[in-house]
Amino acid sequence: MSLQPSVGTSRILEEVVAPEWDENLILIEDNDGPHGTKGAADNKVKQAKTKLNIKWQAQPSNSPDLNPIETIWRIIKQRLKNRGVIFQTEALKAAIQEEWDKITIEEINNAISTMPDRVTCLQERFGKAIPY
């Protein structure tokens with residue numbers, strides 16, 4: 001399955017993010033390709049952020065990821081793994097959506113509640129990778 005980050009991400013920025021965006025905020029992103037943060041080239045995602053006045057900053061690729069969404073992705077990946085191998089692209093997309101829809105507010109709150117421990121662990125490890 002091949003993602004086309006410039007198409008999907010630009011549309012999400014325009015239709016979902018921009019209408020609610022506070023121009024005083026800065027979008028912090030990792031260096032995942034679909035975010036348009038890799039490379040110096042002015043790609044469609046970077047152009048969309050500029051056009052929509054979305055200020056952003058990419059974290060270094062070796063930066064520890066403290067974002068609680070990573071915990072949610074891990075939950076979804078485990079649930080997908082429990083389903084077994086899915087070979088068809090459309091079936092995989094549907095399964096991902098189903099698992100995303102099953103995420104509870106308790107799971108989200110639990111992921112967020114780990115932030116103090118994550119920061120403490122990061123400090124104790126002098127900024128090196130943490131086991132979250």
Of the conditions (1) touching a helix residue (DSSP H, G or I) at 6+ places or on another chain (Cβ under 6 Å); (2) modelled with pLDDT of 85 or more, residue 66 clears all except one; give me its number. (2)
Looking only at the stretch 93-132, filter to residues that are surrounded by 14 or more Cβ atoms within 10 Å (Cβ to Cβ) and polar (S, T, N, Q); which one of those is modelled with the highest pLDDT? 110
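The values are calculated or read from the model by the stated rules, or taken from the named source; none is laboratory data. Quantities reported herein were computed from a predicted structural model and do not represent experimental measurements. So basically every Cβ, Gly included, is an ideal-geometry build from the backbone, and we count neighbours across all protein chains shown.
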